[in-house]
Amino acid sequence: MQINELDDDKLRRLATLRADGGRVLSIFLNLDPSQFATGPARATEVRSVLDTAQRQLREAGDELTHDQSQALAGDIERAREFFTSSDFSAKGAHGLALFASGPAGLFEAIRLPRPIETRVVINDAPFVEPLAELRSSGSWCVLLVNRQTGRMLRGSPERLTEQAPVVDDVHGQHDQGGWSQARYQRSVEKEVQDHLKHVADVAFRRFKRSPFDRLLLGGPEEIVAAFEERLHPYLRERLAGRVEVDVENATPDHVRDAAAPTIERIDAERTRAALERLREGLSTGGRAAAGLDDVLAALNERRVETLLIRDGFSAGGCSCPQCGWVGSLDGGACPADGTQLICRDDVIENAIELAIAQSAEILVLRDDYASEVESHGSIAAVLRF
């Protein structure tokens, strides 16, 4: 089973957490099975990332108070103990994010369904930008069903992992003829309908334990149509399309390849729709903002519905450690509450935190889409009002 312990509530809680004068250690660990399938390979990567954390602590030097340095040293040691204990498991995970801060009472490890770049960040808040981008592509489920078998595959556009199948004993047809055949056929059809309900119930129970964002269905057309009617409304509202594969014989890689065009199309449609709304809003002076100052103002006012950022964009500015206000001012007092602002080389992480806190969608744009948002200052927003 592929693990995804990241959800919107957890991401929002991390994005709004502050260390009350302390520091937060954020560790991201790549667990891509194609690179770190063995224990020794994972152990080497863990040692490397912990060594990086120790080096960053030493290099921080006078930037940290004695208490902050001591607390971070303790956080690194707790991380080391975690990685060498039975609590750390790479099974089903392709990445891991760990956040630790003694002053904030924080120690949380989140297993991820996609590989993530190994890195360490020490800041006054959890570094959530990589998780926000991961959540923007969403988690997917593919449900394959025929008259007697149900298969459920979970994961990301890059990788799907199969869960235990649901197989029911459904009798086949016969040609005895007459009244006996009609009665037998009714019995078989009832078994099929019971099987479809069974698969739908199992899918919903698994969804409740570990939710996903979007759903694709595959199988014979008449079976899929009947199955869709039996899905719980929470699953039906996540239905995004169909996939054509052999229900019983397709491998997870085959299913992923078959689903890829639909996933790419849906993601592209979502991005194009956001860009179209941005263009319309900017041209009419309506619900859109472009450029760092205007977008940060909209984020501070909690008006952002979709935040669009060119991949790799960074910009200096200031943030308020008390209320979270973010702007491009060069120091001074927070316009909202008068607290002394903290100036940073890059406030895009703070902008993303504000977007998460107000449940805004975050789109990191690359390739052809990046050029359009770049023409608007590399950061833009579709607004709620």
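The values are calculated or read from the model by the stated rules, or taken from the named source; none is laboratory data. The shown structure was predicted, so the numbers you read here are calculated from the model rather than taken from an experiment. Don't worry about glycine lacking a Cβ; one is built from the backbone with ideal geometry, like all the others, and counts go over all protein chains shown.
Just one of the listed residues (GLY312, GLY316) is in contact with a strand residue (DSSP E or B) (Cβ under 7 Å, 6 or more places away or on another chain), surrounded by fewer than 16 Cβ atoms within 10 Å (Cβ to Cβ) and in the same structural domain as PRO335 (by TED's automatic domain parsing), namely GLY316. Selection within region 105-122: residues that are in contact with an Asp or Glu (Cβ under 7 Å, 6 or more places away or on another chain) and not in a strand (DSSP E or B). The member of this set that is surrounded by the most Cβ atoms within 10 Å (Cβ to Cβ) is ARG114.
Please give the helices (runs of 4 or more DSSP H) falling wholly within region 1-96 in which 3 or more residues are free of Cβ contacts under 8 Å to residues at least 40 places away in the same chain and farther than 29 Å from SER139 by Cβ. In region 1-96, 39-60, 66-83 are the helices (runs of 4 or more DSSP H) which contain 3 or more residues that are free of Cβ contacts under 8 Å to residues at least 40 places away in the same chain and farther than 29 Å from SER139 by Cβ.
Table: residues versus (1) touching a Lys or Arg at 6+ places or on another chain (Cβ under 7 Å); (2) surrounded by 15 or more Cβ atoms within 10 Å (Cβ to Cβ); (3) modelled with pLDDT of 95 or more.
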position	(1), (2), (3)
GLY39	no, no, no
ARG47	no, no, yes
ASP75	no, yes, yes
ASP124	yes, yes, no
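The residue pairs whose first member lies in region 316-327 and is under 15 Å from ILE348 (Cβ atoms) and touching a residue at least 24 places away in the same chain (Cβ under 8 Å), whose second member is buried (at least 17 other Cβ atoms within 10 Å of the Cβ) and of a type in the set (Phe, Trp, Tyr), and whose beta carbons are closer than 9 Å, counting only pairs six or more residues apart or on different chains, are CYS318/TRP325; SER319/TRP325.
Identification of strands (runs of 3 or more DSSP E) wholly contained in region 141-223 with 3 or more residues that are touching a Leu at 6+ places or on another chain (Cβ under 8 Å) and modelled with pLDDT of 90 or more yields 149-155, 214-218.
Residues of region 12-29 that are surrounded by fewer than 19 Cβ atoms within 10 Å (Cβ to Cβ) and over 18 Å from GLN322 (Cβ atoms): ARG12, ARG13.
Only one residue in THR271, THR262 is over 30 Å from ASP194 (Cβ atoms) and among the β-branched types (Val, Ile, Thr). Which one? Spell out how you get there, then give the answer.
On the way: THR262 fails: over 30 Å from ASP194 (Cβ atoms).
From the options THR271, THR262, the qualifying one is THR271.
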